[in-house]
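The values are calculated or read from the model by the stated rules, or taken from the named source; none is laboratory data. Computed from a prediction, not measured in an experiment: that's the story for all the values here. All Cβ positions, even for glycine, are placed from backbone atoms using ideal geometry, and neighbour counts span all protein chains on display.
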Amino acid sequence: MAQDPQDLNQVLRARREKLAAIRGKGIQPFAYSFDVTATSAQSVASFEEAEKAGRLGADGQGAGTALGGRIVAWRDMGKSVFAHVEDRAGRIQLYFKKDVVGPEAFDRLTLLDLGDWIGVEGTTFRTKTGEVTVRVTAWALLTKSLRPLPLGKVETDVASGERVIHSGFADQEARYRQRYADLAVHPDVREVFRTRARVVTELRRFLDGEGFLEVETPVLQPLYGGASAKPFVTKHNALDQTMYLRIADELYLKRLIVGGLDRVYEMSKDFRNEGLSPRHNPEFTMLEWYQAFTDYHAQMDLSERMLLHVLDHVLGRRALTCFGHEIEFRPPFPRVRFMDAVSEGLGTEVHALDDKQLRAHAERLRVPDLKGAGRGKLLDKLFSALVEPRLVQPTFVIDHPKELSPLAKEHRGDPRLTERFEMYIAGTEVFNGFSELNDPLDQRARFEAQAGLRAAGDEEAQQIDEDYLRALEYGMPPTGGVGMGVDRLVMAITNQPSIRDVLLFPVLRTEE
RNA sequence: GACCCGGUAGCUCAGCUGGUAGAGCAACGGACUUUUAAUCCGUAGGCCGUGGGUUCGAGACCCACCCGGGUCACCA
């Protein structure tokens, strides 16, 4: 970053010159605090209240207010200035009049720029164009901005009343890298993250209300497991030991069920060393919960209730537009069996096909990357190609093949299947749960089958976790468990097509 | 990892079959005491992603690389 004034472009240089001029007048350009009495929205609301009650002052003045905000628009009229400042509650117009603030304070306005933080005191009134505005009696610079924000001009369309942004900050790379600037100039981006916070709060509130205990399990693990994925590898120096960043919470949470903490959940980051995409960030937020004495049927009901709880409390409605689809959440969501769905997509009964025939179908459908795929992977790929895109309305897919689900309990009615479900919204898997496998001998056999796949070159196959098997030998009660991709749920609720748009700081390659 | 598209002023973008780098906004100077993308007059602002090549001449054409976006693949 260039610090020599000679190297700065004229825009940056002009701001530093103003900074020097401000200091030259004995003004501290980076203030320590400001006593705010109201937000922009509160100031407007209390004016409108007084107006409605006929309590306005002689010349139409509302109550006094003191607020702080960032200057986002500036219209200099000579001996009066109109500006807008933005705070956490919105934006409000300021009116500086030379007669009112006094000549000295008025002339000092020339030292301000878009992006500066200021504090103002004044009284509210309504301009002849109808906008509630602060007539400023005194103002103070709170923070001088030395770098111009990429603010767009905002116009309110007279016909529709909608705000139109005329030029702005459109470079996606710059927006992700400089999220602070993106947030500063895009109120709608701030709103996405407010919504995200409300979703997270409601998820916790729901589970807490159901008697779950929130716990924290290791992120740094000597052995990773609980999902099929490649891990990040690191090293603990003092122990001289390889550690992995967790790819799932599952195996630790189920150890807690063994220990008698029989309703637990954890919401936290998982890490998977895989490619980036609009749906994948190497670190992402997962919510997992486990509830003793329940099976996957109970967990589908719970998942459904949880989703509706979040929608009711965050959006206040059970319908939304997501990626161009109108989605309605009307319980109970349809449940379709995995094998039935694939059979229907394929037009033939899948159970009747051997691996070779399955592969032939997959090749015919040009399903990519088939080499080394066993029966489970073939079925999974066929499902992804044939069924997944069609699952627009919330739908449970249930009873997955055993090969795909090494931690799920065998289906009580069909040994080829497991008691598992995935809930899809807008073609995306959001929930994944099952009746947890609690037979330590069966679990060992499944781990061994995974080890076989691993030896055959499947880098994502799971490893044998002896400590987890020891825990199961002590006895885990029948348990239903679910994992949910929090980022994806937020994507659906906020209608953001890329996971990067719901992560404040998505992973990017290092700058320069 | 593969393919497609892109990188030009602080921001958003234009730049024709190769011929001395442009606009709007922002900035700077000036006018204007109820404006709404305020307006008007004037000024300044560029390693055209990086490195090579072709050419009398490259922002443009060729090669390599860097960075990003999108699509696919893997997963959630």
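Residues that are part of a loop (DSSP other than H, G, I, E, B), within 20 Å of the chain's Cα centre (by Cα) and buried (at least 20 other Cβ atoms within 10 Å of the Cβ): does segment A:216-234 have at least one?
Checked segment A:216-234: no residue is part of a loop (DSSP other than H, G, I, E, B), within 20 Å of the chain's Cα centre (by Cα) and buried (at least 20 other Cβ atoms within 10 Å of the Cβ).
Kindly evaluate A:Glu422 against the criterion of being within 13 Å of RNA strand B (Cβ to nearest atom), among the acidic types (Asp, Glu) and closer than 17 Å to A:Ala229 by Cα.
no
Looking at (1) within 15 Å of A:Phe431 (Cβ to Cβ); (2) crowded, with 18+ Cβ neighbours inside 10 Å; (3) touching a helix residue (DSSP H, G or I) at 6+ places or on another chain (Cβ under 8 Å); (4) of a type outside the set (A, V, I, L, M), which one does A:His309 not meet, given that it meets all the others?
(2)
Yes/no per residue for (1) at pLDDT 90 or above; (2) of a type outside the set (D, E, K, R); (3) over 34 Å from the mean Cα position of the chain (by Cα); (4) more than 24 Å from A:Leu261 (Cβ to Cβ):
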| residue | (1), (2), (3), (4) |
| --- | --- |
| A:Lys402 | no, no, no, yes |
| A:Asp414 | yes, no, yes, yes |
| A:Glu419 | yes, no, no, no |
| A:Gly452 | no, yes, yes, yes |
| A:Gln463 | no, yes, no, yes |
| A:Asp487 | yes, no, no, yes |
| A:Asn495 | no, yes, no, yes |
| A:Val507 | no, yes, no, yes |
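Could you check A:Gly78 against (1) surrounded by fewer than 16 Cβ atoms within 10 Å (Cβ to Cβ); (2) more than 16 Å from RNA strand B (Cβ to nearest atom) and say which number it fails?
Evaluating A:Gly78 over (1) surrounded by fewer than 16 Cβ atoms within 10 Å (Cβ to Cβ); (2) more than 16 Å from RNA strand B (Cβ to nearest atom) leaves (2) as the failure.
Quick check on this structure: which one of A:Arg330, A:Arg359 is surrounded by 14 or more Cβ atoms within 10 Å (Cβ to Cβ), over 30 Å from A:Pro218 (Cβ atoms) and free of Cβ contacts under 8 Å to residues at least 40 places away in the same chain?
The conditions single out A:Arg359.
Looking for something surrounded by 19 or more Cβ atoms within 10 Å (Cβ to Cβ), in contact with a Lys or Arg (Cβ under 9 Å, 6 or more places away or on another chain) and either in a loop (DSSP other than H, G, I, E, B) or at pLDDT below 95 (or both) - is there at least one such residue anywhere in segment A:153-167?
The answer is no; no qualifying residue exists.
Which ranges mark the helices (runs of 4 or more DSSP H) fully within segment A:273-382 that have 3 or more residues being within 16 Å of RNA strand B (Cβ to nearest atom) and within 26 Å of A:Val502 (Cβ to Cβ)?
Those helices (runs of 4 or more DSSP H) span A:296-310.
Report the residue count in segment A:88-103 for those that are near RNA strand B (Cβ under 6 Å from one of its atoms) and within 22 Å of A:Pro187 (Cα to Cα). Step through it out loud before you land on a result.
Initial filter on segment A:88-103 (near RNA strand B (Cβ under 6 Å from one of its atoms)): A:93, A:97-99.
Subset that is within 22 Å of A:Pro187 (Cα to Cα): A:93.
Residues flagged as near RNA strand B (Cβ under 6 Å from one of its atoms) and within 22 Å of A:Pro187 (Cα to Cα) within segment A:88-103 amount to 1.
Take A:Val85 and tell me if it is among the β-branched types (Val, Ile, Thr) and either near RNA strand B (Cβ under 10 Å from one of its atoms) or touching a residue at least 60 places away in the same chain (Cβ under 8 Å) (or both).
no
Take the conditions under 23 Å from the mean Cα position of the chain (by Cα), away from RNA strand B (no atom under 12 Å from the Cβ), modelled with pLDDT under 95 and small (Gly, Ala, Ser) and apply them to A:Ser268. Does it pass?
Working: under 23 Å from the mean Cα position of the chain (by Cα): yes; away from RNA strand B (no atom under 12 Å from the Cβ): yes; modelled with pLDDT under 95: yes; small (Gly, Ala, Ser): yes.
In short, yes.
Which ones in segment A:247-265 are more than 12 Å from RNA strand B (Cβ to nearest atom) and either charged (D, E, K, R) or under 18 Å from A:Phe434 (Cβ atoms) (or both)?
Correct list: A:Leu251, A:Tyr252, A:Leu253, A:Lys254, A:Arg255, A:Leu256, A:Ile257, A:Val258, A:Asp262, A:Arg263, A:Val264, A:Tyr265.
Is it the case that segment A:104-111 has a residue that's within 11 Å of RNA strand B (Cβ to nearest atom) and free of Cβ contacts under 8 Å to residues at least 24 places away in the same chain?
yes
For A:Gly130, are the conditions met, namely being modelled with pLDDT under 95, more than 18 Å from A:Thr39 (Cβ to Cβ), in contact with a Lys or Arg (Cβ under 8 Å, 6 or more places away or on another chain) and within 11 Å of RNA strand B (Cβ to nearest atom)?
Against the criterion (modelled with pLDDT under 95, more than 18 Å from A:Thr39 (Cβ to Cβ), in contact with a Lys or Arg (Cβ under 8 Å, 6 or more places away or on another chain) and within 11 Å of RNA strand B (Cβ to nearest atom)), A:Gly130 does not qualify.
One line per residue, one yes/no per condition, for (1) surrounded by 20 or more Cβ atoms within 10 Å (Cβ to Cβ); (2) outside the structural domain of A:Gly211 (by TED's automatic domain parsing):
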position: A:Ala238; (1), (2): no, yes
position: A:Tyr252; (1), (2): yes, no
position: A:Ile257; (1), (2): yes, no
position: A:Asp262; (1), (2): no, no
position: A:Ser268; (1), (2): no, no
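Could you grab me the full set of residues in segment A:411-435 that are in contact (Cβ under 8 Å) with a residue 40 or more places away in the chain and of a type in the set (Gly, Ala, Ser)? Even if it seems obvious, please write down each step before you answer.
Let us first name the residues in segment A:411-435 that are in contact (Cβ under 8 Å) with a residue 40 or more places away in the chain, namely A:416-417, A:419-421, A:423, A:425-435.
Residues satisfying the conditions are A:Ala426, A:Gly427, A:Gly433, A:Ser435.
Do we find a residue being over 21 Å from A:Ile464 (Cβ atoms), aliphatic (A, V, I, L, M) and either in the same structural domain as A:Glu436 (by TED's automatic domain parsing) or without any contact (Cβ under 8 Å) to a residue 24 or more places away in the chain (or both) anywhere in segment A:240-250? So that I can check it myself, show each step before the final result.
Narrowing segment A:240-250 to residues over 21 Å from A:Ile464 (Cβ atoms): A:240.
Still in the list and also aliphatic (A, V, I, L, M): none.
Looking through segment A:240-250, none of the residues is over 21 Å from A:Ile464 (Cβ atoms), aliphatic (A, V, I, L, M) and either in the same structural domain as A:Glu436 (by TED's automatic domain parsing) or without any contact (Cβ under 8 Å) to a residue 24 or more places away in the chain (or both).
Applying the selection to segment A:415-433, what residues are touching a His at 6+ places or on another chain (Cβ under 9 Å) and closer than 17 Å to A:Asp295 by Cα?
Within segment A:415-433, A:Leu417, A:Thr418, A:Glu419, A:Arg420, A:Phe421, A:Glu422 qualify.
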